[in-house]
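Computed from the coordinates by the stated procedures, all read-outs in this text should not be read as laboratory data. Computed from a predicted structure; not experimentally measured. Quick reminder, even Gly has a Cβ in these numbers, built from the backbone with ideal geometry, and neighbours come from all protein chains shown.
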Amino acid sequence: MTEVSGDVFGELADGRPVQRFTLRSRSVRLSVLTLGGIIASLESPDRAGHMTDIVLGFDSLQGYINKHPYFGAVVGRVANRIAEGKFSIDGKEYQLPINNGPNSIHGGLKGFDKVLWTPEILPNGVRFLMTSADGEEGYPGELKVWVTYILDGAELAINYKARTTKPTPINLTNHSYFNLAGQGFPNIYDHEVSIEAQNYLPVDKTSIPTGEIASVENTSFDLRKPVVLGNVIPKELVGGFDHNFCLNLSKQRSPCARVYHRPSGRLLQVETTQPGLQFYTANFLDGSLKGKGGAVYPKHSAFCLETQNWPDAVNKMNFPDALLRPGEEYDHTTWFKFSVL
């Protein structure tokens with residue numbers, strides 16, 4: 001049984017309270033904010049039973065109000081990048097705000113990570129609701145969104161549902177930054193990663209997929225068997241990973257990633273109904289942010305496993321369909337299972 005409790009984490013400038021909900025099972029403690037649906041902390045035990053917070057973030061609300069790289073947040077209306085912020089639906093062209101080089105990323109200037117969501121406490125978790133207005137950040141259609149966090153023992157399930165009044169692209173994910181050694185540890189080079197993907201998406205210099213669906217065979221992207229990140233990132237892939245791996249297209253629950261931290265014994269396994277996984281190794285962290293407990297977060301001090309549709313899918317006809325239409329329901333779930341070996 002999961003215990004769910006709530007308190008006030010802080011107040012926005014207009015006086016609205018930001019609530020924090022804490023979910024406790026026997027083996028995992030998780031806190032989630034109404035601001036951005038942010039996972040603000042996630043504690044799991046090592047093999048000696050010591051609980052440690054394994055996600056990056058801030059001790060106070062101000063850190064999340066200031067500019068930060070989407071720590072723990074729900075990102076949308078469209079996670080990841082849309083080339084030049086442009087797309088067409090049924091012959092009509094739309095222009096989004098440009099906020100990542102020449103492209104639009106993670107919903108624009110005010111994405112879902114900056115929204116104050118309405119909470120509903122559930123027996124084993126919490127559900128958040130928000131409505132994105134027609135035309136907000138350039139996207140068509142009024143979009144109602146529900147994001148539900150359920151903690152069942154050592155497994156966290158995040159479900160995303162949405163409905164729209166007009167055809168619109170949608171791609172929702174969670175942007176938690178993990179370090180299984182504990183947040184504040186300086187790098188992830190001692191983590192072993194495997195991703196169940198035969199193919200990945202090569203990108204151009206602005207990180208937009210070229211349209212090619214490439215085999216991982218004989219490349220640094222072949223993570224089908226566990227790879228120690230320190231053997232790849234500083235040597236073969238100097239900048240780090242920030243790429244979409246192509247998963248099962250069946251929309252059925254399928255294993256997609258496994259990360260093991262041998263020194264602590266922590267193991268993270270991920271399953272999803274989504275067709276893609278953006279594996280990102282915090283390449284743009286630079287140590288300038290002061291995180292929880294005064295920790296600094298340098299480059300490669302965390303990893304993200306963003307289950308998603310493929311980046312720029314709305315502009316790539318050979319990618320999985322990115323549009324939600326009236327009368328349909330967007331419905332995806334990702335499961336994070338925490339254990340010790």
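The GluC sites (Glu not before Pro) of segment 179-275 that DSSP puts in a loop, and whose beta carbon has at most 13 other beta carbons within 10 Å, are 212, 217, 236.
The candidate values are (i) 59, 53, 38; (ii) 69, 47, 43; (iii) 66, 48, 47; the one derived from this structure for Cα extents along the principal axes in Å carries the label (i).
Test of the criteria: in segment 272-324, which trypsin sites (Lys or Arg not before Pro) are in a DSSP loop and have at most 11 other Cβ atoms within 10 angstrom of their Cβ? All intermediate terms of the calculation are to be shown ahead of the outcome.
Values: sites: 290, 292, 299, 316; in loops: 299, 316.
Answer in residue order: no site qualifies.
Show which lysines lie in cross-link reach of residue 225 when reach means a straight Cα distance below 29 angstrom and same-chain residues fewer than eight apart are skipped. Answer for residue 225, where 29 Å is the Cα cut-off: 205, 235, 251, 299, 337, listed by chain and number. For segment 264-297 and segment 148-180, what is the centre-to-centre distance using only Cα atoms, to the nearest Å? Distance between centres, Cα-based: 16 Å.
Given Cβ point charges of +1 (Lys, Arg) and -1 (Asp, Glu) and nothing else, what value in debye, to the nearest 20, does the dipole of the chain about its Cα centre take? The partial results should precede the final answer.
Working: 33 positive and 36 negative charges, 78 e Å.
With Lys and Arg at +1 and Asp and Glu at -1, about 380 debye.
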